Amino acid sequence: MASDGKVAFLAARDLLLRHADDYERAVAEFRWPALDRFNWGLDHFDRLPQGQTALWLAGAIEEKLSFGELQAGSNRAANYLAALGVRRGDHVLVLLPNHRALWEAMLGCMKLGAVIIPATTLLSGHELLDRFTRGRVRHVIAAAALAPRIAEVPGEFTRIAVGGKIAGWHDFADAQGAAAEFRPTGETRAADPLLLYFTSGTTAKPKLVRHSHQSYPVGHLSTMYVLGLRPGDVHLNIASPGWAKHAYSSFFAPWIAGATVVAMTEPRFEAKDALDTLVRCGVTTFCGAPTVWRMLVQHDLTAWPVKLREATSAGEPLNPEVIDQVRRAWGLTVRDFYGQTETTSQIGNSPGQPITPGSMGRALPGYRVALLGEDDAEAAEEGEIALALDPPPLGLMPGYQREDGTLQPLVGAWYRTGDVAVRNPDGSFIYVGRADDVFKSSGYRISPFELESALVEHAAVAEAAVVPSEHPLRGLVPKAFVALAAGHEPGRECAVAIFRHLRERVSPAKRVRRLEFFELPKTISGKIRRVELRALERERRRKGERGPAEFWEEDFSELAAS
């Protein structure tokens, strides 16, 4: 029964809270709860302290909502959507910025048993069509400003606008007239589908990930643990709605703990606004992607007297230089952790763990992690990160959704993540890169991330991406595409300075031999598309051409390239 699911869920949560700073005990004692019928919106969220602030919208839109107010708002949303024909199992595309309607719609759909497809408002027309088609969308809840873009999508589906009246669309504001009490029409099974996420597509066409009423709502117990969240915390996460990281840290993990979610409502991210928000809202726990942290440290962090207890980073590994800058300014160590759209947080530096420099941590409670070679044999030190499937961790997706809407379940003994790591003697892992990104030069394995970390330690480098470049003698050599920090100009002098910087930090066998100043291509989630850069470099070498701002180490006699 649902009540039994609630009890088991809370017992698992409370165990992790008790052992928040004792990793060894948490891993040894934690077990995923066994659930049959469970609806996180009804069985957990609606039972959180009604008077406590649940959501603090900060910035261009300023609003505070208690758990009681969000419970009533999401109930109204559920009743309103049901009146418009949304039924259990229907697919609902949600295209909203950080607005109260986003959380009310997500919770309302969950309570109804509808399947939510979160998506970013930055999608192009082609990407929208792909979401509608492969997502088999029957209803869309979107910001009113997106109506012209959605008008280009063929087919019949319910249109619901937020933030304005649009001809031919329903107005989500009318949900305020619906009843504040909601009665479900049936029970939700824990294994029923809840979320469909399109992956970021850094290396290929985005895959469609299916999550259930347990894999994310319950699976994010591991995320609560690695973030160090406690009841009553004030948590700020910088992530755009529509991506899994928003669900990680702006929805499930904080509310599992009973913490307040702070969400910035500015249309564009500005580092100073985020720093101001940390102080003004009294944020105690903060999470941001490496790009966010790299923008923050461009400012004098000591000028902001933050009240942070925990600081974390995820999405891609954070460069050691940035971690050092934050430590010097705030006395806090930014703790790296690792997860995917397909999973919740699976590896991390949880509070209280000794941190190995450069490590993304150890396997989190509930996850059994191995490193595999190509033949699925476990590797001693380096291999592809894989999760044991006997049994699968609760925070892992049931599978990918096929084009015809059926589930492609996970099979075999392992789920392979596609990411390569090295295991340290203490059991912690160091990220090497995507399996597709790692290459060899003169017989030496090249980790793009290792070289990118060295590059961004130079004051002129804001971001960098390293890819293989064909060489007549070495086979392949590392080439860096570099985006410069403000105040620095591309040119020979800057290139020489960066090459010299790398010589002091990287062995001759591995160092970057070619460099190009370039605007890095990114996915709409902000991740660098190295696949585009690799293709561009292959074509350049095929034609024997160089980029307009490209420099090779051998060009400079003063470097005496070896």
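Computed over protein heavy atoms with a 1.4 Å probe, the accessible surface of the chain works out to 40 Å² per residue.
Charged neighbours of GLY89, selected by a Cβ distance under 12 Å, balance to +3 (K, R count +1; D, E count -1).
Remark: the chain carries a charge dipole of roughly 520 debye about the Cα centre, counting +1 on each Lys and Arg Cβ and -1 on each Asp and Glu Cβ.
How much length would be gained if the chain were fully extended between GLU382 and ARG542, taking 0.36 nm per residue of separation minus their Cα-Cα distance, in nm to one decimal?
Here the answer is 54.4 nm.
With a Förster radius of 25 Å applied to the beta-carbon distance between GLU152 and ASP174, the computed FRET efficiency rounds to 0.50. Charges were assigned to the Cβ only: +1 to each Lys and Arg, -1 to each Asp and Glu. The resulting dipole of the range 54-159 about its Cα centre is roughly 320 debye.
Shape class of the range 388-503 from the Cα gyration tensor (axes a ≥ b ≥ c, square roots of the eigenvalues): prolate, since a/c reaches 1.5 or more and a/b is larger than b/c.
Take every pair of alpha-carbon atoms less than 8 Å apart whose residues are at least six positions apart; their mean separation over the length of the range 80-124 yields a relative contact order of 49 percent.
For the range 250-290, the Cα-based Rg and Dmax, in that order, read 10.9, 29 Å.
What number in nm² do you get for the range 1-68 if you take the convex hull of its Cα atoms and divide its surface by four?
Its average projected convex-hull area is 6.3 nm².
Only one residue of PRO357, TYR216, ALA72 has its Cα farthest out toward the positive end of the dipole of the chain, where Lys and Arg carry +1 and Asp and Glu -1 on Cβ, and that residue is ALA72.
Extension gain for GLU457-ASP436 works out to 5.1 nm (0.36 nm per residue, less the C-alpha to C-alpha distance).
With point charges of +1 on the Cβ of Lys and Arg and -1 on the Cβ of Asp and Glu, referenced to the Cα centre of the chain, which listed residue (ALA54, VAL482, ALA259) lies farthest in the positive direction of the dipole? The Cα lying farthest towards the positive end belongs to ALA54.
For the range 188-302, the fraction of C-alpha pairs more than 22 angstrom apart is 41%.
The trypsin sites (Lys or Arg not before Pro) of the range 15-54 that DSSP puts in a loop, and whose beta carbon has at most 13 other beta carbons within 10 Å, are ARG31.
Net charge in the neighbourhood of ALA8 (other residues with Cβ under 14 Å of its Cβ; Lys, Arg +1, Asp, Glu -1) is 0. Classify the range 36-88 as rounded, prolate or oblate, taking a ≥ b ≥ c as the square roots of the eigenvalues of its Cα gyration tensor: rounded when a/c is under 1.5, otherwise prolate if a/b is larger than b/c and oblate if not. Oblate, because a/c is 1.5 or more while a/b does not exceed b/c. Take every DSSP beta bridge whose two residues both sit in the range 122-225; close to 40 percent of them are antiparallel.
The order of THR417, THR406 by accessible area, most exposed first and with a 1.4 Å probe, is THR406, THR417. To put it simply, the accessible area of the range 242-301 at a 1.4 Å probe is 51 percent carbon and sulfur. Ignoring lysines fewer than eight residues from LYS272 along the same chain, the ones with Cα atoms less than 28 angstrom from its Cα are LYS64, LYS245, LYS307, LYS522, LYS527. Each listed q (0.10, 0.15, 0.18 Å⁻¹) maps to a log10 I(q)/I(0) for the range 419-562, found by the Debye formula over equal Cα scatterers with no solvent: -0.33, -0.75, -1.09. What a 1.4 Å probe finds exposed on the range 373-510 is 51% carbon and sulfur by accessible area, rounded to a whole percent. At an R0 of 45 angstrom, the distance between the Cβ atoms of ASP426 and GLU62 translates into a FRET efficiency of 0.50. Calculated on C-alpha atoms, the gyration radius of the range 108-260 divided by its Kirkwood radius gives an Rg/Rh of 0.97. Residues whose amide H falls under 5 Å from that of GLY361, counting only those 5 or more places apart or on a different chain, are PHE429, with hydrogens built in the peptide plane. Using a probe of 1.4 Å, the accessible surface attributed to PHE269 totals some 60 Å² when neighbouring protein chains are kept in position.
Can you tally the net charge around VAL334? Count Lys and Arg as +1, Asp and Glu as -1, for every other residue whose Cβ sits under 11 Å from the Cβ of VAL334. Working shown, then result.
Working: positive: ARG327, ARG335; negative: GLU310, ASP324, ASP336.
Surrounding charge for VAL334 is -1.
Treating the chain as a set of equal point scatterers at the Cα positions, no solvent, please give the Debye-formula log₁₀ I(q)/I(0) at q = 0.05, 0.08, 0.09 Å⁻¹. Each listed q maps to, in turn, -0.21, -0.54, -0.69.
Restricting attention to the chain, close to 60% of DSSP beta bridges with both partner residues there are antiparallel. Across the chain, the relative contact order, built from alpha-carbon pairs under 8 Å that are at least six residues apart, equals 11 percent. Computed extension gain for TYR400 through GLU181, at 0.36 nm per residue and net of the alpha carbon distance, reaches 75.4 nm. Dimensions of the range 273-396 from C-alpha coordinates, computed as largest minus smallest value along each principal axis and given longest first, are 52, 27, 24 Å. Modelled this way, with points 7 Å down the Cα-to-C-beta line, the labels at ARG505 and ARG47 are 5.0 nm from one another.
Give the percent of DSSP beta bridges with both residues in the range 20-139 that are antiparallel, rounded to the nearest 5.
Numbers: 4 of 9 bridges.
In the range 20-139, DSSP labels about 45 percent of beta bridges as antiparallel.
With R₀ fixed at 35 Å, the C-beta to C-beta distance from ALA191 to GLU127 puts the FRET efficiency at about 0.75.
The values are calculated or read from the model by the stated rules, or taken from the named source; none is laboratory data. Quantities reported herein were computed from a predicted structural model and do not represent experimental measurements. When we count neighbours, we look across all protein chains shown, and the Cβ atoms used for this are built from the backbone with ideal geometry, even at glycine. Only protein heavy atoms, including side chains, enter the accessible area calculation; ligands, DNA and RNA are left aside. Shrake-Rupley method; radii C 1.70, N 1.55, O 1.52, S 1.80 Å.
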